[in-house]
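K.L.:
Would you mind keeping the following structure in view while I ask a few things?
The values are calculated or read from the model by the stated rules, or taken from the named source; none is laboratory data. Keep in mind that this is a model prediction, so the values were computed, not measured. All Cβ positions, even for glycine, are placed from backbone atoms using ideal geometry, and neighbour counts span all protein chains on display. Only protein heavy atoms, including side chains, enter the accessible area calculation; ligands, DNA and RNA are left aside. Shrake-Rupley method; radii C 1.70, N 1.55, O 1.52, S 1.80 Å.
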Amino acid sequence: MSVLFVKITLSLILLALTGLVIKYQNSINTLTEGKEVQYFLSASLVLRIIPFIIIFIFLNVSPHSDVIMFMNWAVSAKSGHLVYRDFDSPYAPLFSYITALPLWLWDSDKAIIALMIVVELVVLWCTCLFYRSTVKFHVVLIYLLLPISFVLTVLGGQEDIWMWGIALLALWVNRKYKNDFILGIALAMGLVFTKVLFVLVIPAVFIFVKDRVKLVAGLLTIGIPVLGILIWKSGFAFLLPIQQANDPRTPNFWTILNPFFSSIVHLGSKPLNWIGLISIPISTCLVALKFRDKIDFQDFFPRLWVFTYAWMMISQQSSLANYAFIYAITLVYTANLFNDKKSIIIFFIFNFAIIVQPAIWWNIGMPLFSHPSDLASTLPFFEYILEIVIVSCLVYYLRKMVKSPVLS
């Protein structure tokens, strides 16, 4: 219960501070104007580096959650073992080798969290530069204070923001070169460095772009050599990430239905998995068709990014609340969330639920409720309510991505 209490308390404190930043955003922007670099470094020090030092150096807290897995894979990669053949990993081919790099300097799982913080700050700074003409400095503080970003990076060592880093690269090359071949190369990097989930945005990009042949050529320029090496060295073991989609987790549409329709839903079944997998490209391609020839790629791709992974969280039975970290920074920078009270309140509720729901779920033994009587106790009932809250917020953001005429 101590971890749950800490996450609830920390989330409330962070949201209160975020509220103050929103309230005094004009003063903050006036103060930092022309000194963005200095204030970015100061904010990074106070909200990332110092918390890391306090928690993992002074208090000597041991990392948990996915960091333990990352460490095992990184150790194997550092030892020269081949991913998929010699050790299992549901991530992209080069992910474990990148996370192994800090181990040459510090042989500790805490080095993995340090790497995650550094990468997050680099991606955040690149996002600041990319949107500097439309987004003021106070948004940096909002992002750094959000429970989703703070807890999942500093405490959880999550890597999902890496995916947005590659997405930002795709946006940058599209803005600079206007060349779909180079765009394809940039997108292919996501499949090499992050995780297989990156592939989910590619069908809709294919529908949206003008020169699809060049896009595919760019994807294959990176994809064919990498795929060839993987098959040569490890056969078809690289398909492991797809197999994990059968493992039911929370929250999603199916886990909400399961207590009342367990005889129909069948959590963990392959048909349910395929319903989710097939629905993602269908829905995202429909979004691409809706906006094709109406908006440019710079406005479309962030919209697609949020829609894809929000829909994935709703439709896929293996989804986790942590996946919201994939697009949290995208929402903050592109979706105009802080111009009205309704959007602010929903975003705050979403942040709180994303952090607290997994903590409760893991605390009560990661159950999959299959009968209304399973919700009779306080914590299971509260966890189930948070599942509904998260899915409801996701529906809100899906509608926003489809209906909003301008995101940034």
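K.L.:
Give the peptides 165-177, 74-86, 347-359 in descending order of average Cβ contacts within 10 Å, highest first.
P.N.:
The packing order, highest mean first, is 347-359, 165-177, 74-86.
K.L.:
Can you give me the Cα centroid spacing of segment 24-56 and segment 136-153 in angstrom?
P.N.:
Here the two parts' Cα centres lie 10 Å apart.
K.L.:
I've got another one for you. Can you list the lysines whose alpha carbon is less than 18 Å from that of K78, not counting same-chain residues fewer than 8 positions off?
P.N.:
K110, K233
K.L.:
If you don't mind, another one. Treat each spin label as a single point 7 Å out from the Cα along the C-beta direction, and report the D296 to I49 distance in nm.
P.N.:
If labels sit at D296 and I49, their model points lie 3.6 nm apart.
K.L.:
Right, another one. I need the peptides 214-221, 248-255 ranked by packing, meaning the mean over residues of other C-beta atoms within 10 angstrom, with the highest value on top.
P.N.:
248-255, 214-221
K.L.:
Per residue, what accessible area does segment 36-152 have, given a 1.4 Å probe and all protein chains present, in Å²?
P.N.:
With the other protein chains kept in place, segment 36-152 gives 45 Å² per residue.
K.L.:
Also: List the pair-distance distribution P(r) of the chain, using every Cα-Cα distance, as the percent of pairs falling in each 10 Å bin from 0 up to the bin containing the longest distance, rounded to whole percents.
P.N.:
So the P(r) values, bin by bin, are 4, 21, 32, 29, 12, 1, 0.
K.L.:
Taking springs between alpha-carbon atoms closer than 10 angstrom, which of I202, I280, I345 fluctuates most in the Gaussian network model of the chain?
P.N.:
Result for the chain, Cα springs under 10 Å: I345 fluctuates most.
K.L.:
At 10 °C and 1.306 mPa s, what whole-number value in µm²/s does Stokes-Einstein give for the translational diffusion of segment 317-408, with Rh from the Kirkwood sum over Cα pairs?
P.N.:
110
K.L.:
Where in segment 292-359 are there trypsin sites (Lys or Arg not before Pro) that are in a DSSP coil and have at most 10 other Cβ atoms within 10 angstrom of their Cβ?
P.N.:
Loop-located and lightly packed - K294.
K.L.:
Mind giving me the FRET efficiency for S79 and M366? R0 is 35 Å, r the Cβ-Cβ distance, nearest 0.05 is fine.
P.N.:
Result of the calculation: an efficiency of 0.65.
K.L.:
Separate question: Given a Förster radius of 30 Å and the C-beta distance between L105 and S373 as r, what FRET efficiency does 1/(1 + (r/R0)^6) yield to the nearest 0.05?
P.N.:
0.05
K.L.:
Also, quick follow-up: Just check segment 131-222 against the gyration tensor rule for me: Cα atoms, a ≥ b ≥ c as the square roots of the eigenvalues, rounded for a/c under 1.5, and otherwise prolate or oblate depending on whether a/b exceeds b/c.
P.N.:
oblate
K.L.:
With a 1.4 Å probe and every protein chain left in place, work out the accessible area per residue of segment 261-348 in Å², rounded to a whole number.
P.N.:
37
K.L.:
Now a separate question. Please name which of I50, W125, I314 has its Cα lying farthest along the dipole of the chain towards the positive end, using unit charges on Cβ (Lys, Arg +1; Asp, Glu -1) and the Cα centre as origin.
P.N.:
Of the options given, the answer is W125.
K.L.:
Here's a follow-up. If you roll a 1.4 Å probe over segment 251-408 with all protein chains in place, what percent of the accessible area is carbon or sulfur?
P.N.:
Answer for segment 251-408 is 69 percent, counting heavy atoms of protein chains only.
K.L.:
Could you sort out which of K136/K403; K342/K400; K290/K403 sit more than 19 Å apart by Cα distance in this structure?
P.N.:
K136/K403
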